Structure formats: structure tokens, C-alpha cells
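The values are calculated or read from the model by the stated rules, or taken from the named source; none is laboratory data. Predicted, not measured: the structure shown is a model, and the values here were computed from it. Backbone-built Cβ (ideal geometry, glycine too); neighbour counts: all protein chains shown.
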Amino acid sequence: MVPLLRSLSFPAAILLVAGVLSGCQAATNAPVSAEVLMDKAGQTILLEDFSYPDTNEPQVTSSIVTLEPGAETGLHFHEAPMYAYILEGTLEVTYQREGGEETNSYHRGEAIMEGLDTPHNGRNATNSVVRVLVVNMGSPDLENTVMLN
């Protein structure tokens, strides 16, 4: 930008710099808003209490999982707390619990704390793509996901 300033007249350079600075200042004064997706959850979606790993080496891992129509995650469970936010589509999850199976559907815009140590399978039973933001809060001693088949 310095060569550009040298080629401008002094008044033009001042106006250019003032415009750039006022643009930066306006951006910092813009209002900030927040939409709460989950507020201080203390239980998983299966009403299980959870706690964060007791470790000196915490690990946070995030990913976006995409399931094409008809795709399944495969039967698995989580050893560490996992937050999920449905970015797109509807995800059907079947949990294997004492006394049988339980199936829940999660839709775009829903946030959940996934079940811990409970085998489950996620499935896209729709004709549209499902995208899920997944955040695991674990440690080197815990597997984020343990596949069962």
C-alpha cells in the first residue's frame, strides 16, 4: 500500500487512509449476537450424567461428519463426552439399551450431548445429505469412538 500512497496527492492519501481506518473502526463497533445452542447440559441425550476426563492431557477433537442418503455410521460407542450439532438434514440414531432399542431423530439446528458407553448406530434414512459437527472432549487414555462392527 505504501507505493500506492506515494503515487497519490497528500489529500487523496489522507482520504484513503481515513477511509480504511473508518472501515476498520466500523467493523469493531458492529453489534455481536449469540444464539445459544445448548446451555450448561449436565446429562447426555440418554439422561446419563457425565463428567470430563480426569487428565493432565485434555484433548478436544472436532470434525464434520457427512452421511449421504442411506449411509450409516456403524455400531459404535464413545468413551469421552461428545457434543454434536446437526448442520444439515435429519439423523436417526438407534441406541442399544437394557430392555431393547431406542431410536431418536435429530434435525438441523439441534444440539446434543451424545450417549456415553452406549452402543448406537447413526443412519441417514432420508434422500438428503446429513452433516453433523462433532466435538469430542477426551484424553489420550480414552477413545473418542470405539467401533463395534
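Being of a type in the set (Asp, Glu), modelled with pLDDT of 95 or more and under 25 Å from Val129 (Cα atoms) is the filter here; which residues of region 35-75 pass it? Let's see the steps before the verdict.
Start the filter on region 35-75 by keeping residues that are of a type in the set (Asp, Glu), which leaves 35, 39, 48-49, 54, 57, 68, 72.
Pick out the ones that are also modelled with pLDDT of 95 or more and you get 57, 68, 72.
Matches in region 35-75: Glu68, Glu72.
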Legend entry - Unmet criterion (only one of (1) surrounded by fewer than 13 Cβ atoms within 10 Å (Cβ to Cβ); (2) in the same structural domain as Asn136 (by TED's automatic domain parsing)) for Ala111: (1)
Inset, instruction - Sort out which residues of region 75-117 are touching a Phe, Trp or Tyr at 6+ places or on another chain (Cβ under 6 Å) and more than 18 Å from Glu48 (Cβ to Cβ), and write them in order of number. - result: Ile86, Leu91
Legend entry - Where a residue in region 74-102 is under 24 Å from Thr126 (Cβ atoms) and its partner, wherever it lies, is among the acidic types (Asp, Glu) and in a strand (DSSP E or B), with Cβ under 6 Å and at least six apart: Thr94/Glu101; Tyr95/Glu102
Legend entry - Close pairs from region 124-149: first under 17 Å from Ser62 (Cβ atoms), partner hydroxyl-bearing (Ser, Thr, Tyr) and assigned to a loop (DSSP other than H, G, I, E, B), Cβ under 6 Å, at least 6 apart: Met137/Tyr52; Ser139/Thr55
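Take region 40-76 and flag every residue that is part of a strand (DSSP E or B) and not polar (S, T, N, Q).
The answer is Asp49, Val60, Ile64, Val65, Leu67, Glu72, His76.
From the list Thr103, Thr145, Thr94, pick out the single residue that is farther than 15 Å from Ile45 by Cβ and out of contact with any helix residue (DSSP H, G or I) (no Cβ under 6 Å at 6 or more places or on another chain).
On the way: Thr103 fails: farther than 15 Å from Ile45 by Cβ; Thr94 fails: farther than 15 Å from Ile45 by Cβ.
So the residue among Thr103, Thr145, Thr94 that is farther than 15 Å from Ile45 by Cβ and out of contact with any helix residue (DSSP H, G or I) (no Cβ under 6 Å at 6 or more places or on another chain) is Thr145.
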Inset, instruction - Please work out which residue is farthest from Leu37 (Cα to Cα), limiting yourself to region 77-103 and to residues that are assigned to a strand (DSSP E or B) and more than 19 Å from the chain's Cα centre (by Cα). - result: Gly100
